[in-house]
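Q: The structure that follows is given in the form of structure tokens.
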């Protein structure tokens, strides 16, 4: 695991605040486990699947009124996952692959 991956995981783990209760601790551990699945992904499809589970879990917590609605938090999660995905693509595909990245992702 490289340093950028560790940094992305740390940021994503801290993106959601949980209550200081037994239930909140369980929710935090589940969230951290989902993020760790993203960390250990060995393919882009695996990464995308694990990211979808993590994003879905955060949405389920909102829908279940376990955490508050926060557009700022949602955008933070989306932006971290998006940047992490681009890092994953850049670091896991051969440099001989000349597929141009979209604007803003060099």
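The values are calculated or read from the model by the stated rules, or taken from the named source; none is laboratory data. Worth saying up front: this structure is predicted, and the values here are computed from it rather than measured. No Cβ is skipped: glycine too gets one built from the backbone with ideal geometry, and neighbour counts run over all protein chains shown.
Q: Name the residue, out of 6, 22, 67, that is loosely packed, with under 12 Cβ neighbours inside 10 Å and more than 13 Å from the chain's Cα centre (by Cα).
A: 22
Q: Any residue in region 16-32 that is part of a helix (DSSP H, G or I), under 22 Å from residue 88 (Cα atoms) and without any contact (Cβ under 8 Å) to a residue 60 or more places away in the chain?
A: Yes; the residues of region 16-32 include at least one that is part of a helix (DSSP H, G or I), under 22 Å from residue 88 (Cα atoms) and without any contact (Cβ under 8 Å) to a residue 60 or more places away in the chain.
Q: Can we say residue 104 is more than 10 Å from the chain's Cα centre (by Cα) and modelled with pLDDT of 90 or more?
A: no
Q: Here is a follow-up. Return the residues of region 27-58 that are closer than 18 Å to residue 14 by Cβ and more than 12 Å from the chain's Cα centre (by Cα); say none if nothing qualifies.
A: The answer is 27, 28, 29, 30.
Q: Could you list, in sequence order, the residues of region 33-64 that are within 21 Å of residue 93 (Cα to Cα), in contact (Cβ under 8 Å) with a residue 40 or more places away in the chain and in a helix (DSSP H, G or I)?
A: Within region 33-64, 38, 44, 47 qualify.
Q: With the structure loaded, tell me whether residue 74 is closer than 30 Å to residue 21 by Cβ and either touching a residue at least 12 places away in the same chain (Cβ under 8 Å) or assigned to a helix (DSSP H, G or I) (or both) or whether it fails that test.
A: yes
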